[in-house]
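All remarks here apply to the structure that follows.
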Amino acid sequence: MNAFLLAALAYAGATPPIERLTLDNGLEVILAPDHSTPIVAVNVWYHVGSRDETAGLTGFAHLFEHLMFQGSPSNPGEYFAPLEEVGADVNGSTNTDRTNYFEVLPARHLPLALWLESDRMGGLLEVLDQSWLDNQREVVRNERRQRYENTPYGEVMVWIQAEMYPEGHPYHHTTIGSHEDLERANLDAVKAFFAKWYVPNNATLVVAGDFEPAVARKLVTEQFGWIPRGEEPARVTPPGQGGSLAEVPSAALAAPKVRREYSKVPERKLWMVWHSAPADTPGDAELDLLSGVLAGDASTRLEKVLVREQQIAKEVAAYQLTRPLGSLFVVQATAAPGHTTDEVAAVAQVVLNSVAGASPPTEAEVEGARAQIERQLYGQISQVGRRADTLNSFNQRFGDPNGLDRELARYRVTADAVRDAARVTASPHLELHVLPLADEHAEPSIADATPPEPVAPASSGCATAPVGGALLTLGALAVLARRNRGGVV
């Protein structure tokens, strides 16, 4: 029996049901037993990300991801050490909307993972000092240099977020933060951030894998029940959902934007970016499906025209960058040698106009994209570590960890619905051109070449079901391989 079928059976009731409970201190606990392999995953989501940072103090959520691995009162060495001794996979990640920590390890060592997680949740402030802050601040600043500033195309998301979201919007800055804000961080401000957000009533703990629920309930209560409840932190809320803070300022573009960045890069690359439906609202799933219609294999719309027929691009991708406060739909391409990103943008827009109008997606194309999404999702829940994170995601998005059926149902839409969602690409958007330094002062030749007359794709030539849309990889732990819920670091 293959892994995908096992995963489906697990959700259909072949394994014990998922249980959800809340401790007296507000910690939400999800228990998902599965005795198929002697492995267990512990996955904690703190409901804080870079969107919750204040102006002048960006990068704090990610900085804490590092600080949380420095140790705790009962484990004064590095957090990793006792877990690596038992063969655990240990890590964490931060994005715009949450911070995640996880351990995947042999089932008999579940008590160790729970003890270590509880010790740092309840006791980090006792041991956090200036030396820890100074050390990890420099680690994060070096990470920014290595992954963003000194890597070709590394600052693309910095530029996109700055252009697409105005000052004051929670998504205006990237998760890594700025050097200036990291330097400005002092110990009091860092401790205040922890005291506000790293409280049990702002966290969800998932235990998945080979354990007995009664034993896990006892362990979780013993290890986490002593931690005091904190104040309820107020978050910026999606439009229309109320909340204790002001709603998100509008990020709509009044007119198209073009930004050209000349950098030490080997190839000409293009990003076309539109504002799109927030996570789990009408249009969000449809744009996931649209990405599979547009890119992913040689038969998909953009790849067929840009790469195979006109040969003005080497590669192309399309994806919905899904976030709760507002998503971005992105088309990304690398210009072929001898061609410009302006050529690519012009032809890509013709293809997009066609998909939204005279040559809409076929049912076969949409079904192919949907099948790929379902395959990715079943593959995800077949592995215990990824399943634990998916349950946490479902719980945050839907208010219920048993979210598989609801997730699948979102993609059961018609080709007409995908066409209607594609009309977002007719709205004002950003074109980001990242070009080699040599193009900045090039003679009026290829750098300023006139794009060829675009050729609209024929509606009859793209009926083959695609493998699926391509993804700009911003980090791990996405809900679907196609759906990256915020830049993860």
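Computed quantities for the displayed model
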{"item": "P(r), alpha carbons of region 252-328 - 5 Å bins starting at zero, rounded %", "result": "3, 14, 18, 18, 20, 17, 8, 1"}
{"item": "The chain, relative contact order [Cα under 8 Å, separation at least 6], %", "result": "21"}
{"item": "When region 257-461 is reduced to its Cα atoms, the Kirkwood hydrodynamic radius in Å", "result": "18.1"}
{"item": "Gap separating the Cα centres of region 366-424 and region 153-203, nearest whole Å", "result": "28"}
{"item": "Cα Rg, Dmax (largest Cα-Cα span) when computed across region 3-224, Å", "result": "18.8, 53"}
{"item": "Principal-axis tilt of helix 284-294 within the chain, Cα atoms, nearest 10 degrees", "result": "50"}
{"item": "Cut-off 15 Å between beta-carbons: net charge of the residues surrounding residue 274, Lys and Arg +1, Asp and Glu -1", "result": "-2"}
{"item": "Using distinct alpha-carbon pairs, which all enter the 1/r mean, Kirkwood radius of the chain in Å", "result": "23.8"}
{"item": "Net lengthening on full extension, residue 129/residue 350 (0.36 nm per residue, minus Cα-Cα)", "result": "73.9 nm"}
{"item": "For the chain, calculated [θ]222 nm from helices alone, where every DSSP H run of n ≥ 4 adds -39500 (n - 2.57)", "result": "-10500 deg cm²/dmol"}
{"item": "GluC sites (Glu not before Pro), loop per DSSP, at most 10 other Cβ atoms within 10 Å - longest free stretch of the chain", "result": "232-489"}
{"item": "Segment residue 35-residue 267, extension gain: residue separation times 0.36 nm, minus the distance between their alpha carbons", "result": "78.6 nm"}
{"item": "Förster-model FRET efficiency, 41 Å R0, residue 54 and residue 420, C-beta, rounded to 0.05", "result": "0.60"}
{"item": "Average Cα contact separation per residue, region 257-461, under 8 Å, 6 or more apart, as relative contact order %", "result": "36"}
{"item": "Percentage relative contact order, region 224-376, counting C-alpha pairs under 8 Å, at least six apart", "result": "22"}
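Any read-out appearing in this document is the output of simple, stated calculations on the displayed coordinates, not a laboratory observation. The structure displayed is predicted, hence computed values, not measured ones. Every residue, glycine as well, gets a Cβ built from its backbone with ideal geometry; the counts of neighbours run over all protein chains shown.
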